[in-house]
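The values are calculated or read from the model by the stated rules, or taken from the named source; none is laboratory data. Note that the structure is predicted; figures quoted are calculated from it, not measured. Quick reminder, even Gly has a Cβ in these numbers, built from the backbone with ideal geometry, and neighbours come from all protein chains shown.
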Amino acid sequence: MSNSIKNWNEDERPREKMLLKGAAALSDAELLAILISSGTKEKSALDLARDILGLAHNNLHELGRLTVPELQQTKGIGEARAITIAAALEIGRRRQMGEALQRNSVTQSKDAADIAIPLMRDLSHEVFCVFYLNQSNKILRHEIISSGGLTGTVADIRMMLKNAVLQNANKLIVAHNHPSGNLKPSHADIELTKKLKDAAEFMDIKLLDHLIVAGTNYLSMADEGML
């Protein structure tokens, strides 16, 4: 096949180019082509990669939101290739989160946002996450405690405080996402924050912040003076 990558000049093939020039020299499509590995009778791996990026409007953030079935909508991308792409994107998210989790302490809202954003930014439904911290503001554990639909989720205050006690946590940070992209806290968000803060204080646990994540942006209710 004339469009096969094997027929290209060696320095134009994604794998060889990466070996010669490093990963940073490759385009998004070329990196994706390496994951796809091989093409079809009609298209090269790079052509398929460009088709997938087109499905995501050539936006890596949008690509990260595509599910395995959605990736399979691209002709030539079967289940195995779609899973490979989804797994690579998940590794990227976990790497970004891992760097933030290894910090000694949370000193500002951005420290918590650096974990919450990779965890939530690609989700098309709303989730609620809790970070349990010790007296030194070191994150002991984080978990998603509820998952809802496109417009909301239910957060159980009793479960949060029970788990805080089990983790010997002195402080909490909570976060949830707005898939709509709107960072403004809803009335329900504000009411929940107040109830959680009051209940936590009764147990000598301090609520440090409530973050709202929308894509790669966030709002800190503490920074906004809403706590």
What pairs can you find where one residue is in the range 66-92 and under 13 Å from Leu53 (Cα atoms) and not assigned by TED's automatic domain parsing to the domain that holds Ala49, the other is surrounded by 13 or more Cβ atoms within 10 Å (Cβ to Cβ) and modelled with pLDDT under 95, and their Cβ atoms are less than 8 Å apart, with a gap of 6+ or different chains? none
Any hit, the range 173-193, residues being surrounded by 16 or more Cβ atoms within 10 Å (Cβ to Cβ), of a type in the set (S, T, N, Q), touching a Phe, Trp or Tyr at 6+ places or on another chain (Cβ under 9 Å) and part of a loop (DSSP other than H, G, I, E, B): no
With the condition kept exactly as written, say whether any residue in the range 2-11 is at pLDDT below 90, touching an Asp or Glu at 6+ places or on another chain (Cβ under 6 Å) and either of a type in the set (S, T, N, Q) or more than 24 Å from Pro118 (Cα to Cα) (or both). yes
Among residues of the range 95-113 being closer than 15 Å to Cys129 by Cβ, part of a helix (DSSP H, G or I) and modelled with pLDDT of 80 or more, the residue nearest to the chain's Cα centre (by Cα) is Ala113
The lone condition Asp209 fails out of (1) within 20 Å of the chain's Cα centre (by Cα); (2) at pLDDT below 95 is (2)
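Looking at the range 26-46, can you tell me whether even one residue there is assigned to a helix (DSSP H, G or I), at pLDDT 85 or above and loosely packed, with under 14 Cβ neighbours inside 10 Å? So that I can check it myself, show each step before the final result.
So in the range 26-46, the residues assigned to a helix (DSSP H, G or I) come out as 28-36, 45-46.
Next cut, at pLDDT 85 or above only: 28-36, 45-46.
Next, only the ones that are loosely packed, with under 14 Cβ neighbours inside 10 Å stay: none.
No, every residue in the range 26-46 fails to be assigned to a helix (DSSP H, G or I), at pLDDT 85 or above and loosely packed, with under 14 Cβ neighbours inside 10 Å.
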Checking the conditions here, which among Asn168, Asn163 is of a type outside the set (Phe, Trp, Tyr) and at positive phi? Asn168
Close pairs (8 angstrom Cβ cut-off, 6 or more residues apart or separate chains): farther than 22 Å from Lys110 by Cα in the range 192-215, outside any helix (DSSP H, G or I) anywhere: Ala200/Leu172; Ala200/Lys206; Ala200/Leu207; Glu201/Leu207; Asp204/Asn170
Looking only at the range 59-85, which residues are modelled with pLDDT of 90 or more and in a helix (DSSP H, G or I)? Val68, Pro69, Glu70, Leu71, Glu79, Ala80, Arg81, Ala82, Ile83, Thr84, Ile85
